[in-house]
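The values are calculated or read from the model by the stated rules, or taken from the named source; none is laboratory data. Everything numeric here is computed off the predicted structure, so don't read it as measured data. Note that each Cβ is placed from the backbone with ideal geometry, even for glycine, and that neighbours are counted across all protein chains shown. For accessibility, only protein heavy atoms count, side chains too; no ligands or nucleic acids. Shrake-Rupley method; radii C 1.70, N 1.55, O 1.52, S 1.80 Å.
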Amino acid sequence: MPGQMSPNEVTDFDSLVRLAQSMAQSPHVPREVTLDPFFKNLDYDGHRQIQFRQDRSLFKDGRGSFIVEFFHPGWMFQKEIRCFVTDDGTTTPVAFDSSMFKYGDSKPPESVPLPTGFSGFRIATPLSPTSTRQEFMVFMGASYFRASPKALNYGISGRGIAVNTIGSQPEEFPDFRTFWMESPQPGETEFQVLALLDGPSITGAYQFTVKPGQTPSSSVVSATLFLRKPVEMLGIAPFSSMFWFGENSHPRPYDFRPEVHDSDGLEIEMEGAPTLWRPLDITPGQTRLSFFQVNQLKGFGMAERDREFRNFEDLEAKYHRRPGTWVTPIAGFGEGSVALIELSTGEETWDNIVSFWQPKHLPSTPDEPLHVEYRIDWLEDRPAGDLARVTATRRGFATETVDHLYVIDYAPIELTPPAPDGWVPEVELKVTGGEVTILDQRAMLNPETGGWRAFFRLDVPDETQLLEMSLDVLRDEKPVAERWLYQWRR
């Protein structure tokens, strides 16, 4: 468009914001996929044959402790990105060069035109003074990115934005189409990445300040967004995960593994209320949609709390070593809600769980920026707070009845003042959404773990299709454990 900034003019976040704002004034122009069919038709194994040559890594000259390695377009990653390096106010393009890659058995014939850009990149760094460089973050596909502390594997995926994930309008997947990487300096422990977001309904300027670690690895995200046109649903700090089945799933697939999931629950913290814990679950053939209203959000995240290998028994996928995420708001998080979408799935290949924060108020014109800033921690587990944490949710039919029995285990926690011998907490269960009779609710000490175990039974009439449950464990009417939430569907 005449008068629009060039990517070569972007030197910092402010100039990227100006570029994103100027683009929002014009209709979206879809990126044309020009990749040759040879690369489009590669399968998973064929695409894996194409490997980046480590001796061609960006920033390998040793000025800093970070390097960048690129991915070749092909298979399901057909859109090409442009990359630039910024250094002391200058911007230099990173040109695609086939000599950067080893093609293996996927070497194209000489007649095949090569790509003009990359499909993504990964960032690597030494995680200790004596270690070799370790990959810790990847940007690849639409606005997706993943990070992994050294102690864990990849798992849950972050996204720049979620647009119309559920609703009457088709879901959109805006792209990070251009990246700018700040040349790392000696001794720096953080790496800076700028990204331009572009989609049918939205543009955005993103700045990622990423820091690797054993656990956690962290990313501070600053984003200024511009809506080209109104949207039904806008998800800030979205994450995609996978849940096929867990200890609470019925019926279970005929599989040798006891559980298969990247995450097993959603955790939410807000001012003036107990921490919320919502175990994940799916109902075959149905979509579960939940919104948790929060006006003073302290943070939210998807967690993989189950870390016992015996509960997964998967030597290849290593689901017990998948990271959780925690989002801490810094700026721009006012009234809104945390959304959880659980889609039915019959396998473990695709992400079927989505969570994000949804602002109550959205800009109405492209001239109104929406600015947010937040920190993402990719971690094994969050430090325990003052409330006992839920460690397991199990359910089934009570013996010789069709009553629904729920059993919730909590981690041990020290009470102040200490509880007298034999004391057990009160259990307060609330159930809404349909007709139901609560038959029993109580707690007892679990001598195997040192924590509490809460029980309750429900008589659910045949006409009831949906129940929303909330369970509090109390001492003198005050919570001593997280608030457990659950959605039951017939």
Along the positive direction of the dipole of the chain (beta-carbon charges: Lys, Arg +1; Asp, Glu -1; about the Cα centre), which of P447, H361, A317 reaches farthest? A317
Ordering of 82-90, 377-385 by packing [mean C-beta count within 10 Å, highest first]: 377-385, 82-90
Where does each of 105-118, 454-467 land if you order them by average Cβ count within 10 Å, highest first? 454-467, 105-118
How many percent of the accessible area of segment 58-216 is carbon or sulfur, using a 1.4 Å probe? 50
Portion, in percent, of the accessible area of segment 409-479 that falls on carbon or sulfur, probe 1.4 Å: 48
Using Cα pairs closer than 8 Å and at least 6 residues apart in sequence, work out the relative contact order for the chain, in percent. 12
Cα gyration tensor, segment 358-464 - rounded (a/c under 1.5), prolate or oblate: oblate
What net charge do the residues around P284 carry, taking every other residue with its C-beta under 12 Å from that of P284, with Lys and Arg at +1 and Asp and Glu at -1? +2
Could you tell me the center-to-center distance, by alpha carbons, between segment 369-390 and segment 32-107 in angstrom? 33
From a point 7 Å beyond the Cα of T215 in the direction of its Cβ, which residues of segment 253-275 have a backbone N at a distance under 14 Å? 263-264
Given the Cα-Cα distance of R257 and D381 and 0.36 nm per residue of separation, how much length would full extension add, in nm? 42.4 nm
Enter the accessible area per residue of segment 97-169 (Å², integer; probe 1.4 Å; all protein chains in place). 42
Only bridges with both residues in the chain count here: give the DSSP antiparallel percent, nearest 5. 95
Convex hull volume of segment 409-469 per residue (C-alpha atoms, cubic angstrom): 102
Taking only C-alpha pairs under 8 Å that are 6+ residues apart, what is the relative contact order of segment 240-356 in percent? 33
Tell me, what is the per residue accessible area of segment 228-313 in Å², probe radius 1.4 Å? 39
With an 8 Å cut-off on Cα pairs and a minimum separation of 6 or more residues, tell me the relative contact order of segment 309-405 in percent. 30
With +1 on each Lys and Arg Cβ and -1 on each Asp and Glu Cβ, how big is the dipole of the chain about its Cα centre, in debye rounded to the nearest 20? 880
Magnitude of the Cβ-charge dipole of segment 173-254, K/R +1 and D/E -1, about the Cα centre, nearest 20 debye? 220
To the nearest 20 debye, what charge dipole does segment 421-487 have about its Cα centre, counting +1 at the Cβ of each Lys and Arg and -1 at the Cβ of each Asp and Glu? 220
In whole Å, what is the distance between the alpha-carbon centres of segment 188-221 and segment 286-320? 22
Within segment 160-199, the residues whose backbone N lies under 20 Å from a label point placed 7 Å from the Cα of Q25 along the Cα-to-Cβ direction are 196-199
Between 0 and 90°, nearest 10: helix 13-24 axis offset from the chain longest Cα axis: 90
Can you list the lysines whose alpha carbon is less than 17 Å from that of K211, not counting same-chain residues fewer than 8 positions off? K150
Between Rg and the Kirkwood Rh of segment 221-262, both from Cα atoms, what is the Rg to Rh ratio? 1.27
In the neighborhood of R177, defined by Cβ-to-Cβ distances under 13 Å, what is the net charge if each Lys or Arg adds +1 and each Asp or Glu adds -1? -1
Name the aspartates and glutamates eligible as straight-distance cross-link partners of K229: C-alpha to C-alpha under 16 Å, and not fewer than 8 places from it in the same chain. E171, E172, D198, D367, E368
The local net charge around R307, scoring Lys/Arg +1 and Asp/Glu -1 for residues other than R307 whose Cβ lies under 14 Å from its Cβ, equals -4
If we sort 267-273, 134-140 on the protection proxy, mean other Cβ atoms within 10 Å, highest first, what's the order? 134-140, 267-273
Kirkwood Rh for the chain from C-alpha pairs, in Å, is 24.5
Cubic angstrom per residue, convex hull over Cα atoms of segment 1-152: 156
